[in-house]
Structure formats: C-alpha cells, structure tokens
1. Could you look through the range 74-92, keep only residues that are among the aliphatic types (A, V, I, L, M) and in contact (Cβ under 8 Å) with a residue 24 or more places away in the chain, and pick out the one that is nearest to ILE135 (Cα to Cα)?
2. With ILE163, ILE119 as the choices, which residue is at pLDDT 85 or above and of a type in the set (Val, Ile, Thr)?
3. Within the range 121-143, track down each residue that is in a helix (DSSP H, G or I) and of a type in the set (Val, Ile, Thr).
4. Check the range 26-41 and report whether any residue there is touching a Lys or Arg at 6+ places or on another chain (Cβ under 7 Å) and among the β-branched types (Val, Ile, Thr).
5. Within the range 70-96, track down each residue that is aliphatic (A, V, I, L, M) and out of contact with any Phe, Trp or Tyr (no Cβ under 8 Å at 6 or more places or on another chain).
6. Give, as residue ranges, the helices (runs of 4 or more DSSP H) completely inside the range 1-105 that count at least 2 residues that are modelled with pLDDT of 95 or more, over 13 Å from the mean Cα position of the chain (by Cα) and β-branched (Val, Ile, Thr).
7. Given the structure, is VAL90 in contact with a Ser or Thr (Cβ under 8 Å, 6 or more places away or on another chain) and of a type in the set (A, V, I, L, M)?
8. Considering only the range 1-18, state which residues are within 21 Å of PRO142 (Cβ to Cβ) and either of a type in the set (Ser, Thr, Tyr) or exposed (fewer than 11 other Cβ atoms within 10 Å of the Cβ) (or both).
Amino acid sequence: MLSKIENYIPYDCYKTVYDIDYNKLYEKGKKIILMDIDNTLIPYDVSSPEEKLIDLINSILEIGFRIVFISNNHKKRVKAFADIFNSDYVYSAWKPLKKGYKKALKLTKHEHIDEIIAIGDQVMTDVLGANKVGIKCILVKPLKIVNEKWYTKLNRRIENRIINKLKKNHYEEYLKIKELKDI
C-alpha cells in the first residue's frame, strides 16, 4: 500500500550533490546528513569515490555536519565507502521502510529531527523513506541509470507514475522533479 502522495515530495531538488549549498543548510539549522551512496554519490558500478567527491564530502564535514551513509546495498560496499570518511553507516537499510532510518537515527543520538536532512536520488526509496520518519529529503538526479539493478529499474517505473500523479495537485513540485528525471 502506497502512502499519501505528499510523502513522495522532496524538500528540494538539485541536479547533483555539488549544487547543494551546504553552508546555507547548516545556517538553517541542519547538522546531520543521511546520505545515500549509489547513484547519488557514485554509480553502482564504481567502488570508490573520485577526488572531487572526496573533497566535497570533506568540505561538508569541515562545515560541521555529521554524515551517516544510508544505503540498501550490502555491508562490504557501504562500510568501505563510509570508512574513507570515518563516518557511520547503515547498510541493507530496506528503504523506504522505516527500519534503516531508525537505525541511522540511533547512530546520530540526536533528539531534534528537524536538524537532520537526507539526500538521495530516488523518490521511491530516499524521499518516501525519509518523509515517513519526518526527515526532509533533498532529491538529486541519478548519476547513471543504465547499470541499475532490476529492482531499482522497477522502482523507477513506479516512481515515474507517482511523479506524474503529482502534476494535478502539486504542479510546482512536479516540475522540479520532472526536470531531474527527464520523464
């Protein structure tokens, strides 16, 4: 059963993680980022980040953010990525279910959910999952959809139908997401 349509609306949309103004987020009171990895930061078929991404994440950490990487992928991949930045992580998160987000929230030991923001590339997993636990989510354009796994491709089809449903009552949000998704 799908949640109400508003649960699929992101807080904001950007083409890439490089376009987000992290200083502005921090000034607005955000202190923790729950960050997806696959197709948000690196493609599925890439195992380690390029120097530009390492610099970006280090600059986010220098601002004062704490990052928890949250992914539906397996432990070996997620741990290896998170270890580069000495950050906490949740693997096999089962997004959009609440389970992975609850684990991430326990890791943060943070009482104020309004100080947490999520960043991901999928409406069906990242946006819906974050919204279900009361966390705002920034949606970015997926890096590379050609090599996605079968279940992610299925999610993208469902996602496209949901995005099209936003057109009727949430036209501005629909346009922002549509621009990213090239529907």
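The values are calculated or read from the model by the stated rules, or taken from the named source; none is laboratory data. Bear in mind the structure is a predicted one, so any value in this text is a computation, not a measurement. For neighbour counting, all protein chains shown are included, and Cβ atoms are generated from backbone atoms with ideal geometry for every residue, glycine included.
1. If we take residues in the range 74-92 being among the aliphatic types (A, V, I, L, M) and in contact (Cβ under 8 Å) with a residue 24 or more places away in the chain, then VAL78 is nearest to ILE135 (Cα to Cα).
2. Answer to the selection: ILE119.
3. Within the range 121-143, VAL123, THR125, VAL127 meet the criteria.
4. yes
5. Across the range 70-96, the qualifying residues are ALA80, ILE84.
6. Of the helices (runs of 4 or more DSSP H) lying wholly inside the range 1-105, those with at least 2 residues that are modelled with pLDDT of 95 or more, over 13 Å from the mean Cα position of the chain (by Cα) and β-branched (Val, Ile, Thr) span 51-63, 75-84.
7. It is true that VAL90 is in contact with a Ser or Thr (Cβ under 8 Å, 6 or more places away or on another chain) and of a type in the set (A, V, I, L, M).
8. Scanning the range 1-18 gives TYR8, TYR11, TYR14, THR16, TYR18.
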